[in-house]
Structure formats: C-alpha cells, structure tokens
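Asks: Let me give you the structure first, and then I'll get to my questions.
The values are calculated or read from the model by the stated rules, or taken from the named source; none is laboratory data. As the structure is a prediction and not an experimental result, all values here were calculated from the model. Positions of Cβ are backbone-derived with ideal geometry, glycine not excepted, and every protein chain shown enters the neighbour counts. Just so you know, the surface numbers come from the protein's heavy atoms only, side chains and all, with ligands and any DNA or RNA stripped out. Shrake-Rupley method; radii C 1.70, N 1.55, O 1.52, S 1.80 Å.
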Amino acid sequence: MHQRFFSWLAKTSLVMSLLVLANCSKFQPGIGYNKGYSPEQPIPFDHSLHVGTNNIQCQYCHNQVERSRHSNIPALSTCMNCHLQVATDKPNIQKLMAAYQSGGTIEWVRVHMLPDHVQFNHAAHISKGVNCQTCHGQVETMKQVYQFSDLSMGWCVNCHRQPENKAPLNCSTCHH
Amino acid sequence: MSEIHNHEHENNTETPTFVSHPEQWTSLEQWSRDPEFLKMAEAEFQSSPLREGSETESGWARREFLKLMGASMALSAAACVRRPVQKIVPYNKMPEEVTLGVSNYYTSTHFDGNQALGVLIKTREGRPLSVEGNPESPFTKGSMSIRSQASILNMYDPERLQGPKKKSGDKFEAAKWEELDETVVAQLKKGSVAVLTGNLASPSTQQVLKDFAQGFGAEVFSFEAVSNDELLAGQKLSYGEAIVPAYHFEKAKMILSIDADFLGTWLTPTVFTKQFAQGRKEISKMSKLVTFESNYTLTGANSDVRFRIKPSQQLSVVLGLAHEIIVVQGKTAFAGQADVKAILTPYANAATQLGVDAEVFKKIAADLIQNKGQSLVVAGGLATQTQWQLALQTAVNFLNSALENEGVTVDGTNSLSSLTATYASITQLIKNMSEGKVKTLIMHKTNPMYTLPVSFGFESALKKVEMVISTTDREDESGVLANYILPDNHALENWGDAELANNVFAIQQPAIRPMFDTRSFQLSLMTWAYLAKVGPARIQEFETYYDYLRDFWKREIYPKHSSLFSTFDSFWDQLLQKGFVGTAKSISARKFKSESLKLISESKVSASEMELVLYPTAQIGDGLLSNVSWIHELPDPVTKITWDNYASVSLATAQKLKLKQANVVEIEVAGQKLELPVHIQPGMHDDVVAVAVGYGRTKAGKIANGVGQNAYVFLAQNNALPVFSGQPVKVTKTSKKYKLACTQDHHSMNDGYNKTPRPLALEVTLKDYEKSASAGIHKHHIWSIWSSHQYNGHKWGMAIDLNSCTGCSACVVACQSENNVPVVGKTYMLQGREMHWIRIDRYYQGSPENPTAVFQPVMCQHCDNAPCETVCPVAATVHNSEGLNDMAYNRCVGTRYCANNCPYKVRRFNWFNYAAKNEQLTTPKMQMNPDVTVRIRGVMEKCSLCVHRIKEGKNKAKLENRNLKDGEIKTACQTSCPADAIVFGDINDENSAVSQMFHKDPRAYALLEEWHAKPSVRYLTKIRNNGQESAGHDAHGTHKQGEHS
C-alpha cells in the first residue's frame, strides 16, 4: 500500500519537475538566482530621475540604512517632503497623494530578497565604507530598478574572502 | 563526595539488583539500574523512523521513495520559478521611534497574582517579541520568572476572544460595546453590585475600583486561588496588622524553612532567589539553608540540610526548636517566662517524634541562636495551609521575634501591600449572592468556577445573581456562566502600574495596540460611571484609562517625589524610562503580641496515616495562565515531568502499596475522588501524597484542556481559611496505567550500565572547600597530537556557578522565547524529542529516602575540539574564528551524526515541520524573533550562545566606533537568571568576568574534561554548607535524617 503510494508520488513529482524545467523563463543568470529581476512597481518610481538628475542622496530616502540591518523603503511622508509641491499634476503623484492623505500606503514589489536563513546587515557594510553601487549597481541610471548582483552565497563570500576587506568568514556571520 | 573513579563497580553483571548505586542519579530507574532505563540510556535517539518496525515492506518502500525523490528533487531544483512575489509596505508616516530591524525596549511590569516584576518588553516594529527583565528594577534587577516570560504567548493566543460577547440561550454571540454598555449601566443602576477580582497590584486600578464602588454603591471582593491567607491572618494575630511581609534572605546567615518553597513558588520566588543567591556568593560567608518539608520542592532540593516531615509535624519542628532555644538553652528575651515555657514544654521531645537525630536538632537550634538577628524562619504556601495553619504562623512569628529577626530579615515595613486576597472574602461574596444580596456581579482576573470546589457553592449562588459580567479573555470555566463577557486587554496592550512594595511603584506600559476589539477593565468601569453619571469627577471626566492613570500619579505619587523634579512631565518621562520610582524604607521591628501564643496550645494538630499536600508548580502556578504551551512543555524543575500533574509518593510507600511509576491510583479526600498517575519521588515523607494544583482545566483552550487533573477539588475550609494540606487521604491502586512524559533520563551524559556514572555536577561541602578551594575537581592529564585553534580576536565563553543556580528554569523559557524553539507536545516528549536548547539536569545524591539535589544547566559547550564537527558529512556544523560552534541550518541534511557524537547531548533534531504548523495560525507567529532563523524539518539545531546577540553587540560597538565592553553582550538565559549564575563574555579579554572565572576561580571545571573536547563553558562547583566533610562513596547506606554524605 505504502509502496504504491510512494512510488506514485515520486513518479508524479519527476514528471512535474520535467514540466517546470521545460517552461524556464528568460532572465535567469544562474539557476535559482534572480539577477536582472525587474518587476513593475505600482508607481513607476524613477531612480534615474531622483538620484541621477536631481542628485538626491540615497540616504535621504533610505535613511535608516546606516543604523539598521535593513535599508528601509521610505514612508510616504518622506515622498511628501517634496511632492506636496513638486509635480502635483502628475497622475502617479496624485495616486501617491491620495494614498498618503487617506492614511494608506503603497505596496511596492520587493526586488532584492535573500532567503530566510540569511541575515544580511546593511549598517555593518555601510560603516565599512562599502558603496551602495557595489551591490546594487548604478541605481542612479535605472529607470526601473533591477537586481544587479545575483546575491548568491558565492558572490557574498568572494568579497568577504579578499584579505583587504578583513571581513569575517564564519558561517554564523550570515546564518544563525 | 569526590570525583574518584570507582572501578570496582565496572564489571557488574546484567542483573539489575540493588548492588551498586551511582553517586549521582537522575531517577530511581537509574539508581536501581533498571534494564529499561539502561536500554534507553544507551540509545542515542529514543525513537527513529528507521527503528520503528522491522525491515518490512514499509521500510523498503520508504527508501525506494527517497531514491526516486532524490532524482526528482535534483531536477526540480534546476527549475527556475521566480520565488513568490513579496510586497514591501512602507509606513504612511514613519513613527519617530521605529528603526526597522532594531528592537525597542519599553519598561513595564508583569504581575502574576502574587509577584510583580519589573520587565522590559522587547518590540520590533511595534510587535512585542519577548518579555525580559528590567535591570534597573529595584528588587529583581532583571530577573525573570517562568510565567512572566511565557505571558507573551498568552497575548498571541489565537483562542482569545476577539470582541465582547453576550449570551443568548446557551451560546455566546458577538455584541457591540455601545449596546452592552447601555444594558450594563441600566442594570448597575439597580444597585447591589459586587466586583470580584484577583490580587490587584495596580494602585490606580484599585482607585478606579474605589471610585466605581462609591458611584454605584458596589462592594469589592478579592480572591486568589493561591492566596496568602495564612500569612495575613498569622501576621494580624502576632503583630496586629494583616499584611504580607517582605523577607530578606540575603541578610540571613541561617535560614530555616518549614514547607515554604520560597525558591520555587512561594510569594515572590524570583526576588527570593536573587536574595538567596546573593547571600551565598561569597562562599566563606555563605548562608545555611535548613528545610523541613513534606513535598520535595526546589527549596528542599537546594537546601544544605533537608528533613522530610508530614504536614502534621510542621508545628513540632518550630516549637521543638523554640523549646530547645528558649527553654533548654535559656536564650532570647522570652527565656524564663513561665507561660512561654508551659506552651513549649509539650514539644520537648520533638526531635524524637520527627525522627531527627537529637544532636542534629540541637545543632540547628544552636545555629539559629548563633545567628540571632541574622537568621530567618519561614513557613508558608499551600503545604502549610492546614487546619493548624494559624498556630504554625504564630509559632514562626514568635521564633522570628525571639531571635530578633523581626525588623531585620522579616520586614513588615515594606510589606507586599497588594496581596490582600482572601478566602474569607469570596466566602462572604458567596453568602451575599445566595442570600440574594447581589444583583450584578463583575468578575475580573479570577476563575472561581475552576479554582473552587463545588462544596463552596459558588455556582448555585451565582444562579441568584441577575447579571454576571466577566472580563476574561476567553470563554473559561467561569466565563461561560456569565451573561456578558467583556474581554479585558492583555497586560502588554494596556497601561497600568504596580506597587512593588510599600511606596515603591512601577509603571506598566503597553507595547502594542489591542490586537482585538477588547477594552481595559478600568475603562469599562469608567465608561459605566460616565454613562450613569455617578462617582467622583475623575472617574467620569477622563476619556481613557491612561488619562486617569496619569492624573492618579500626578495627585498621589508625584507629590512624594516632587522635590527631585521640576515638573510632573519630567518626573513622568523618567518614570517611563526607568520603570519605577521610590525606594524601600528602613525597616523597623514590630512588637510580638505574646497573647497570641495562646492559640498554639488551643489548636489541635491531627496526624493521619496518609496526609495530603497540595502545591502549585513553578511553571503552572494557580493554573490561570494555562493555555500557554511553553509552561506545559517546560520540565518541572524538580520532577522533570512535563504536560501532567501526578500524585507523588515516596519509594517506601510505593513499595508498600505495590505501585510502580505511572500506575494510576485513586486518591480520596473527604469523599472527593481523583484518579492520578503515581510519581515515585525520592525524598518524600512516607506518609504524604503530594498533588499539584493548576492542572485539569476544561475550558482554557486547546493546549491546556485535559492536561492533568484538577486538584482544587480537595480544597476544604476551616473558619474561612483555606485548607489545602494535611487532610487524611486514602490511596487505592487501580488497574489502569498512564504514561508520564519525564525528561530526566533523556540526553544522559552517562551511558550507565557497566560503568559507574561519573559525577558531572560536582558538589563538595563547605568544610571540603575550606580545606581546598578546588576540592572535588579531578584534573585529568590530557595531551593531544593536534595543535589547537588560534583565537586572535574574541573567544566567547560562558561560566555557570552551580552554587548559585537553583534550577528555577527561567533560562529555559528565556531561550525558548529568544530562539524560536518549537514545542513538541507530550507524545513526542515521551519519545525524547524535546527541542529545548538548554536543559537543566537535576542529579539526586544519596539514598532515595532523602537525597540532596544538584542542578546543572547544560547547553552546547562550544568545544574547541568539537566532536560534532568532525563527523558532519556536509560541514554544516563548523568552528568559528571566535570559538563558537556554528550551525548552518540550510546546509544540514539531517544525518544526526553530530548528535550521536556529542558527549554532552545538547543537539536537538527537528523532526517535524513546526514552522509550517505555526505559519497556519495567525497570531503566535508574531512572537517569532526575526534575528533567529525559524528552522525547518530535518535539521539539527542547538544553542548558538545567542550568536545574534553577539553580532548585534559587536555591530553596535562598531557603529559607535569603540571597543566592546565586558558584560555588554548578554545571552538570553543570562538576562533572565535570578541567581546571576550565568556569566558570558570574552575569554581572551583577561579582565572580563568570565575570563576571571575560567582562569582564576579554583572551583571552575570543564564538563567531561577527559574527553578533551575543550569546551568553552566552565562550571563552578556547588558548595553545600552542611557542616560535614565528604565521606567519599558512602552514598547508599542507611541514613538518619539530616545526615548527608
């Protein structure tokens, strides 16, 4: 009984995985990683305009990155610092304004995501003088943000291994 | 006792007769070398899917399945499905105090009905993660109890009521607050209102109640199942005022406890543990603890000299000693008083009656005299709430006053003024209700339907009440009888305050908005007063309880401290930051009323063949916080049994009644019967049956319902005082059997059959220690052909002082809360699959009649030569440059070789997908600590020495551009420890506290040093101050009471 069920299950999963393999999509740099991932956002926020053209510092919006493991997505009130005045006629800004005034929020689509068993700390890297661009690429030129690095363990460790970086290489540096 | 290997026992034959008994043993099975036990001790894992059944069809099928799955999984890994899309939802306006990923701590207070603790609530993005101790708090200095830490799960309990309910027919249906308020106010206006509450530590809540009572002409009753009736009544008789005094165990050089489990369950055990440990830190001046007890409690286990008595002998102990001191030795101010002598003379032969060596008894009296003014006699708790409890309390008060301890170690000045609940109060309420004098009853923080036996007549009296309102958070035993359930906020959702001692006040801050549509009890009362336009102005005018509270503090408490602050606001800000205000006053002695001694000769003590002892356990307490899985999963500090209560009897009694462990017996007390499994407890008096209260809930929720039996049914009453213990009890064996999930033999570091188990938790006597500070430690000659690791930066290590550790188990819950340790439940507990990262081994020493016990917390030892690391085929567990033994869960494939090879048995295999189960429930997962990975099925896990806290500390220092300070990083277990037994730090820093203990303290030893695993944990020998020298191996001879090896 068990034997039959198990072999049925195993065979089914074999077939399923072959099917999935056949449907592989386009932007895969390496198996299982998401380099190049660039989802559409509810509001097409343009980094090239804000950072590139207007020279706004990264930390103006991602203001907690120096003291937290997370680089925060700014609260709507941060957007409103400028957009109460600037470009208020644009439909997207009006959408933002509506969300802000109703006490709501915008659901951004997450671009950079590490697995749950990886603990990455932004502040530790920033304090060491690592540039945002080293990992995130030339964000100031991106109209729509995409994942620049593959964020694989090998990619992390490559940097940590450079003697001049004096970075720890323990498992518990990232996994605990 | 010394650590000499006894080779003559090594070649025992397989007959497990009582030939040679180990010096240290965890259970009677081990002591008697029971074959079942030996089999279990040898097996690495008690259960394994591979071992279940033989190599039958299903075994084959499983492997075939794995083989096929292997192929298909390899393929699906190659498939490129974009992970599920996650959304990031930013704040609308960033709250000023929130930094994502950085914890905020809020000072607050936790009150469990008897003990108020200053706590810090750790929150992350507005979500409470854990309750930790507030290191500033005056009496506890950051110590935590089991239940204060577990209370957070109660808030996230998915079975909490999510809004107010009204009864229609037999069922409750959802209702609206406005609609209910209208009905309630109309009812309240009819008058004859009664409010029944538990102990209320909060002075502002008491004020709200007073205002409410004034407005509606209501009467307030207060009742607590585990009450302090005996103390209140006893103090009133002896000193004139019904108070619960504070005690100062740290000032006492000689402590005598008669059935008062002050380290485990009595009054404020966390405070007492702190004090007790303080009094023993400096070993040359350490205090001495002598206990006489009828149950084997944590206090007894930690005592220097322990005697077993039955409840009917409690009075003889105190008065026998009083006779020795006052009449025989002629000491103290009462010597020579004829009336005192007349009262004490009947107890001249107390030692003989108690079966205690007369010389030993004299020695105790001599110790008390010698430490006059620096000793302390305590008796209290359910085990002393007997028919003769008043006589006992009077005797204890008399002895304390005679020994001039009153005003020094017994403190009536800084009394615990919030502990006022009595059984007299509820008796009066029941009387009023049955006479029809109560039209409306409001119940708050109490559950009389569960904690009172039917004989009290609460239920029948309740039927005469027109409207019953309950503020309980669930449809519990009493709640179901209410007409309306108006759920109160959880303490973590509500403002409040607490009186820690007379004139020392603490604040309770909410750490989260109410999760559901609940409303605080105080605001309910205020709303009703406002709607009915009754009561003083303040109860009507404030819109929230917070406003009321702030006003109360401004009026009542601030004026006493106003000299230190310029404005109330600055006072308030500092209060919120520190968590408390006020200091204890200097103590003044009260005068003992000699006339109260009359009571002693008047009261009759009736001894029975078998006597009942009821007791609360440290983890469950009175049973009201029962639907929390952590406290059921936590092994009882003494018996190490989980998920049950049981009837404890001595070995001799078990043999007499032909009982084996976990046979079911019927216990009958005054016609009340209960069937309970038997637990054979070493050190019990032969004429005593002990049963824990707090179990046997029927309407607490899925976790607590049906766990154990409700022993409150045995509660009797005598002159409005509760009688929990000392009643005659009949024990009858039944043919039924039951399984008790006991962890004491799991994860044994001794494989036991052919070898004499090594003593692992080392203990020497004070005399041994005085001869040689490193007594008992056997240094092994160890060498290695390998060069050892080099640690150039930090090298983390931990030292645990066994002389301070009382085994209270607060650290186990702290670890569970911090590290997302799953709960496995009784079924898997029975199979040895508990997941606790830290366990507390309890070793008995000496004969099972009256053994002493040593407690040893064991967690991953982070060995330099870690045996686990070398056997991992996938390098999932590897050594780290700072001396930690890292565990990479995502690399682990679950071979379990590491657990097999670990000599300390600290690795835990995650058998099931607890994470996924938890994910299905909406609220409990909110408690998960985001700094620690939630492990999936099939990986090995273990203590990481809170590596996330190490990282956090190091990062903080780095960001602030400074070096780490010693003591800055604390592990979770360390922060909760009331005895300060755990010290963590950098061993490479020679000035660090831990390094001093490693290198300088002669008591430090490494566990299983001869294995040369080079652990990063050191234990400090336990010292027992019993006035004797270790006699070596004579651990199983016949002992008279009080003689210890």
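Asks: Taking segment B:896-923 only, how many residues are surrounded by fewer than 18 Cβ atoms within 10 Å (Cβ to Cβ), within 30 Å of B:D157 (Cα to Cα) and away from every other protein chain (no Cβ under 13 Å)?
Replies: Total meeting the criteria: 8.
Asks: Restricted to segment A:133-176, and to residues that are of a type in the set (S, T, Y) and away from chain B (no Cβ under 12 Å), which residue is nearest to A:V109 (Cα to Cα)? Show your work before the answer.
Replies: Here is the first cut: in segment A:133-176, the residues of a type in the set (S, T, Y) are A:134, A:141, A:146, A:149, A:152, A:172-173.
Subset that is away from chain B (no Cβ under 12 Å): A:134, A:141, A:146, A:149, A:152.
On the way: A:T134: 22, A:T141: 19, A:Y146: 11, A:S149: 18, A:S152: 20 Å.
Of everything passing the filter in segment A:133-176, A:Y146 is nearest to A:V109 (Cα to Cα).
Asks: Let me ask another. Could you list all residues from segment B:673-723 that are of a type in the set (D, E, K, R) and not in a strand (DSSP E or B)?
Replies: Kept after step one, since they are of a type in the set (D, E, K, R), are these residues of segment B:673-723: B:673, B:675, B:686-687, B:697, B:699, B:702.
Once the filter is applied, which keeps residues that are of a type in the set (D, E, K, R) and not in a strand (DSSP E or B), segment B:673-723 yields B:D686, B:D687, B:R697, B:K699, B:K702.
Asks: Quick check: is even one residue across segment A:119-127 under 19 Å from A:Q57 (Cβ atoms), of a type outside the set (S, T, N, Q) and free of Cβ contacts under 8 Å to residues at least 24 places away in the same chain?
Replies: Narrowing segment A:119-127 to residues under 19 Å from A:Q57 (Cβ atoms): A:122-123, A:125-127.
In the following step, the residues that additionally are of a type outside the set (S, T, N, Q) were identified as A:122-123, A:125-126.
With the extra rule that they be free of Cβ contacts under 8 Å to residues at least 24 places away in the same chain, the set shrinks to A:125.
Within segment A:119-127 (the criterion being under 19 Å from A:Q57 (Cβ atoms), of a type outside the set (S, T, N, Q) and free of Cβ contacts under 8 Å to residues at least 24 places away in the same chain), the answer is yes, since at least one residue qualifies.
Asks: Among the listed residues B:K464, B:K445, B:K431, which satisfies the condition of being in contact with a strand residue (DSSP E or B) (Cβ under 8 Å, 6 or more places away or on another chain), among the basic types (K, R), closer than 30 Å to B:F714 by Cα and at pLDDT 90 or above? Reasoning before the result, please.
Replies: Numbers: B:K464 fails: in contact with a strand residue (DSSP E or B) (Cβ under 8 Å, 6 or more places away or on another chain); B:K431 fails: in contact with a strand residue (DSSP E or B) (Cβ under 8 Å, 6 or more places away or on another chain).
Criteria check complete, one pass: B:K445.
Asks: Could you look through segment A:61-73, keep only residues that are facing another protein chain (nearest Cβ under 7 Å) and not polar (S, T, N, Q), and pick out the one that is farthest from B:T99 (Cα to Cα)? Working first, answer last.
Replies: Just the residues of segment A:61-73 that are facing another protein chain (nearest Cβ under 7 Å), to begin with: A:64, A:67-70, A:72-73.
Of the ones still in play, those that are also not polar (S, T, N, Q) are A:67, A:69-70, A:73.
Values: A:R67: 8, A:R69: 10, A:H70: 9, A:I73: 12 Å.
Out of the qualifying residues, it is A:I73.
Asks: Now, a different point. Look through A:V109, A:V130, A:V118 and report the one residue that is within 28 Å of B:E941 (Cα to Cα) and either open to solvent by 50 Å² or more (accessible area, probe 1.4 Å) or facing another protein chain (nearest Cβ under 10 Å) (or both).
Replies: Working: A:V109 fails: within 28 Å of B:E941 (Cα to Cα); A:V130 fails: within 28 Å of B:E941 (Cα to Cα).
It is A:V118.
Asks: Select, from B:N705, B:N718, the only residue that is polar (S, T, N, Q), within 21 Å of B:V664 (Cα to Cα) and either surrounded by fewer than 22 Cβ atoms within 10 Å (Cβ to Cβ) or in contact (Cβ under 8 Å) with a residue 60 or more places away in the chain (or both).
Replies: On the way: B:N718 fails: within 21 Å of B:V664 (Cα to Cα).
Answer to the selection: B:N705.
Asks: Can you find even one residue in segment A:62-82 that is open to solvent by 40 Å² or more (accessible area, probe 1.4 Å) and in contact with a Pro (Cβ under 6 Å, 6 or more places away or on another chain)?
Replies: For segment A:62-82, residues open to solvent by 40 Å² or more (accessible area, probe 1.4 Å) and in contact with a Pro (Cβ under 6 Å, 6 or more places away or on another chain): present.
Asks: Kindly establish whether A:Q162 is over 25 Å from B:K93 (Cβ atoms) and exposed (fewer than 15 other Cβ atoms within 10 Å of the Cβ).
Replies: Numbers: over 25 Å from B:K93 (Cβ atoms): yes; exposed (fewer than 15 other Cβ atoms within 10 Å of the Cβ): yes.
It is true that A:Q162 is over 25 Å from B:K93 (Cβ atoms) and exposed (fewer than 15 other Cβ atoms within 10 Å of the Cβ).
Asks: Let me ask another. Quick one: count up the residues across segment B:949-966 that are within 21 Å of B:N819 (Cα to Cα) and either away from every other protein chain (no Cβ under 11 Å) or open to solvent by less than 10 Å² (accessible area, probe 1.4 Å) (or both).
Replies: From segment B:949-966, those within 21 Å of B:N819 (Cα to Cα) are B:949-956; that's our starting set.
Going one step further and asking which of them are either away from every other protein chain (no Cβ under 11 Å) or open to solvent by less than 10 Å² (accessible area, probe 1.4 Å) (or both), we end up with B:950, B:953.
Total satisfying the criteria: 2.
Asks: If you don't mind, there's one more thing I want to ask. Determine, yes or no, whether B:F998 is open to solvent by 20 Å² or more (accessible area, probe 1.4 Å) and within 30 Å of the chain's Cα centre (by Cα).
Replies: On the way: open to solvent by 20 Å² or more (accessible area, probe 1.4 Å): yes; within 30 Å of the chain's Cα centre (by Cα): yes.
The answer is yes for B:F998.
Asks: Return the residues of segment B:91-131 that are more than 14 Å from chain A (Cβ to nearest Cβ) and among the polar types (S, T, N, Q); say none if nothing qualifies.
Replies: Hits for segment B:91-131 are B:T107, B:S108, B:T109, B:N114, B:Q115, B:T123, B:S130.
Asks: I'd like the full set of residues that are open to solvent by 10 Å² or more (accessible area, probe 1.4 Å), of a type in the set (V, I, T) and within 27 Å of B:Q974 (Cα to Cα), limited to segment B:851-881.
Replies: Listed by number, the residues that qualify are B:T852, B:V878.
Asks: Would segment B:464-474 turn up any residue that is open to solvent by 20 Å² or more (accessible area, probe 1.4 Å), under 26 Å from B:A242 (Cβ atoms) and in contact with a Leu (Cβ under 8 Å, 6 or more places away or on another chain)?
Replies: No, there is no match, as no residue in segment B:464-474 is open to solvent by 20 Å² or more (accessible area, probe 1.4 Å), under 26 Å from B:A242 (Cβ atoms) and in contact with a Leu (Cβ under 8 Å, 6 or more places away or on another chain).
Asks: Give the residues of segment B:103-147 that are among the hydrophobic types (A, V, I, L, M, F, W, C) and either closer than 16 Å to B:Q577 by Cβ or open to solvent by less than 40 Å² (accessible area, probe 1.4 Å) (or both), sorted by residue number. If you could, list the steps in order and put the result at the bottom.
Replies: Taking segment B:103-147 and keeping what is among the hydrophobic types (A, V, I, L, M, F, W, C), we get B:111, B:116-117, B:119-121, B:129, B:131, B:139, B:144, B:146.
Correct list: B:A116, B:L117, B:V119, B:L120, B:I121, B:L129, B:V131, B:M144, B:I146.
Asks: OK, next. Just to verify a result, which residue in segment B:229-250, among those that are open to solvent by less than 10 Å² (accessible area, probe 1.4 Å) and assigned to a loop (DSSP other than H, G, I, E, B), is farthest from B:L531 (Cα to Cα)? Write out each step before concluding.
Replies: Quick first cut of segment B:229-250, residues open to solvent by less than 10 Å² (accessible area, probe 1.4 Å) only: B:229-231, B:234-235, B:238, B:244-245, B:249.
Subsequent filtering for residues that are assigned to a loop (DSSP other than H, G, I, E, B) retains B:244-245.
Details: B:V244: 38, B:P245: 40 Å.
The residue in question is B:P245.
Asks: Still on this structure: Return yes when B:K176 is touching a helix residue (DSSP H, G or I) at 6+ places or on another chain (Cβ under 9 Å), farther than 26 Å from B:G621 by Cα, open to solvent by 10 Å² or more (accessible area, probe 1.4 Å) and not aliphatic (A, V, I, L, M) and no when it is not.
Replies: When the stated conditions are applied, B:K176 does not pass them.
Asks: Still on this model: Taking B:V932, is it touching a Leu at 6+ places or on another chain (Cβ under 8 Å), of a type in the set (A, V, I, L, M, F, W, C), open to solvent by less than 20 Å² (accessible area, probe 1.4 Å) and within 11 Å of chain A (Cβ to nearest Cβ)? Break it down stepwise before answering.
Replies: On the way: touching a Leu at 6+ places or on another chain (Cβ under 8 Å): no; of a type in the set (A, V, I, L, M, F, W, C): yes; open to solvent by less than 20 Å² (accessible area, probe 1.4 Å): yes; within 11 Å of chain A (Cβ to nearest Cβ): yes.
Answer is no for this residue.
Asks: With respect to B:V893, is the statement that it is within 13 Å of chain A (Cβ to nearest Cβ), farther than 18 Å from B:W1011 by Cα and of a type in the set (A, V, I, L, M, F, W, C) true?
Replies: Details: within 13 Å of chain A (Cβ to nearest Cβ): no; farther than 18 Å from B:W1011 by Cα: yes; of a type in the set (A, V, I, L, M, F, W, C): yes.
So B:V893 does not fit the description; no.
Asks: Tell me which of these A:L76 doesn't satisfy, since it passes every other one: (1) under 30 Å from B:K958 (Cβ atoms); (2) modelled with pLDDT of 90 or more; (3) at the interface with chain B (Cβ under 8 Å from one of its Cβ atoms).
Replies: Result: A:L76 fails condition (1) only.
Asks: Let me ask another. Kindly indicate which of B:M926, B:M940 is open to solvent by 10 Å² or more (accessible area, probe 1.4 Å), touching a strand residue (DSSP E or B) at 6+ places or on another chain (Cβ under 7 Å) and among the aliphatic types (A, V, I, L, M).
Replies: Of B:M926, B:M940, the one residue that is open to solvent by 10 Å² or more (accessible area, probe 1.4 Å), touching a strand residue (DSSP E or B) at 6+ places or on another chain (Cβ under 7 Å) and among the aliphatic types (A, V, I, L, M) is B:M926.
Asks: Within segment A:83-105, take every residue that is surrounded by 17 or more Cβ atoms within 10 Å (Cβ to Cβ) and more than 7 Å from every other protein chain (Cβ to nearest Cβ) and give me the one that is nearest to the chain's Cα centre (by Cα).
Replies: Taking the candidates together, the pick is A:L96.
Asks: Return the only residue of B:V360, B:V318, B:V340, B:V305 being hydrophobic (A, V, I, L, M, F, W, C), touching a residue at least 12 places away in the same chain (Cβ under 8 Å) and open to solvent by 20 Å² or more (accessible area, probe 1.4 Å). Please lay out each step first, then the result.
Replies: On the way: B:V318 fails: open to solvent by 20 Å² or more (accessible area, probe 1.4 Å); B:V340 fails: open to solvent by 20 Å² or more (accessible area, probe 1.4 Å); B:V305 fails: open to solvent by 20 Å² or more (accessible area, probe 1.4 Å).
Exactly one residue qualifies, and that residue is B:V360.
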